[in-house]
Amino acid sequence: MELWNFILNSQKRMDILDQLSLTNPQKSLDIAKKLEMRWQDVSTQLNLFVEKKLAAKDGTQFYLSKQGQIYKSQIKNLQDLENNVEKYSDFIEKHNIEKIPNCFVRDFLSWEKNKLSHLTSLDVFPFISKNVKGSKTEHLGVFSRISKDIQDIFSGMGDGVNLRIIYPIEEINKLNKNDYLLDNQKYEVRFVERKDMYCVMQVCDRNFSWIGFEDHKNEFDYLNIIEGNDTRFLDWSISNFEFLWKNSKKL
């Protein structure tokens with residue numbers, strides 16, 4: 001906490017940290033000019049950064065250390081989180097966000113560019129099917145129920161598409177063996193108990209994803225979702241999928 005307090009208790013230090021770069025060493029005078037600060041103040045702070053291993057010095061130039069890069073990225077996460085909590089406040093209130101595992105809570109809403117989508121019940125199937133058909137190399141899915149229409153789309157996917165789908169084990173009776181052991185394509189299906197599912201999602205070619213959560217009636221809300229192609233959001237979605245995949249089982 002000492003380093004966090006050192007950084008966050010001074011807007012000047014946060015601005016200097018933001019100016020530093022791992023690949024672009026800068027002189028203290030150049031940083032002072034960019035930030036319109038006194039050179040003596042910037043020089044003093046940079047030397048403190050070096051002392052605390054947040055920055056490194058090469059001759060008369062300074063750059064962000066690897067440790068400093070980590071702190072810088074987390075400060076950005078905090079800033080994005082602060083902006084998004086207000087943006088998503090109504091969404092948060094209406095969904096059981098507290099079911100997200102602790103290991104993923106830290107990065108929840110720390111994404112830069114995403115949007116809330118409000119679908120109608122008539123939009124859901126076309127939206128899901130469009131994402132399935134649009135996947136050229138890989139499609140990851142977590143669904144709360146088994147739909148014959150979706151199964152038919154899966155059966156028509158090309159041989160080169162890697163399909164991995166997770167369903168609640170309570171839906172197993174809706175799926176015949178021939179439905180998911182398809183010829184000439186890689187199609188893996190696993191199951192988890194419904195109580196262990198905390199989200200539904202699709203990840204398409206690691207280029208686009210959406211995610212939905214339970215509402216207060218403990219039903220998965222497909223009509224109000226978060227979607228986007230922001231890199232951090234995609235990484236977050238994929239990590240959540242892999243977590244569920246690891247804790248699911250093949251029958």
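Looking across region 138-173 at every residue that is aromatic (Phe, Trp, Tyr) and either touching a Phe, Trp or Tyr at 6+ places or on another chain (Cβ under 6 Å) or in a loop (DSSP other than H, G, I, E, B) (or both), the one that is surrounded by the most Cβ atoms within 10 Å (Cβ to Cβ) is identified as 167. Please work out if residue 105 is without any contact (Cβ under 8 Å) to a residue 24 or more places away in the chain, in the same structural domain as residue 196 (by TED's automatic domain parsing) and among the hydrophobic types (A, V, I, L, M, F, W, C). Judged against the criteria, residue 105 is a match. Within region 118-133, the set of residues being out of contact with any helix residue (DSSP H, G or I) (no Cβ under 8 Å at 6 or more places or on another chain) and under 16 Å from residue 165 (Cβ atoms) comprises 131 only. Checking each residue in region 211-248 for being within 24 Å of residue 73 (Cα to Cα), in contact (Cβ under 8 Å) with a residue 60 or more places away in the chain and assigned to a strand (DSSP E or B) picks out 226, 227, 228.
Applying the criterion of being in a loop (DSSP other than H, G, I, E, B), modelled with pLDDT under 85 and not hydrophobic (A, V, I, L, M, F, W, C) to the residues of region 1-29, the residue that is surrounded by the most Cβ atoms within 10 Å (Cβ to Cβ) is 21.
The set of residues in region 75-93 that are surrounded by 14 or more Cβ atoms within 10 Å (Cβ to Cβ) and over 20 Å from residue 237 (Cβ atoms) contains only 75. Of the strands (runs of 3 or more DSSP E) entirely within region 38-137, those holding at least 2 residues that are closer than 26 Å to residue 28 by Cβ and among the small types (Gly, Ala, Ser) occupy 55-58.
The values are calculated or read from the model by the stated rules, or taken from the named source; none is laboratory data. These numbers were taken from a predicted model, which means no experiment stands behind them. Neighbour counts are summed over all protein chains in view; Cβ atoms, including those assigned to glycine, are modelled from backbone coordinates with ideal geometry.
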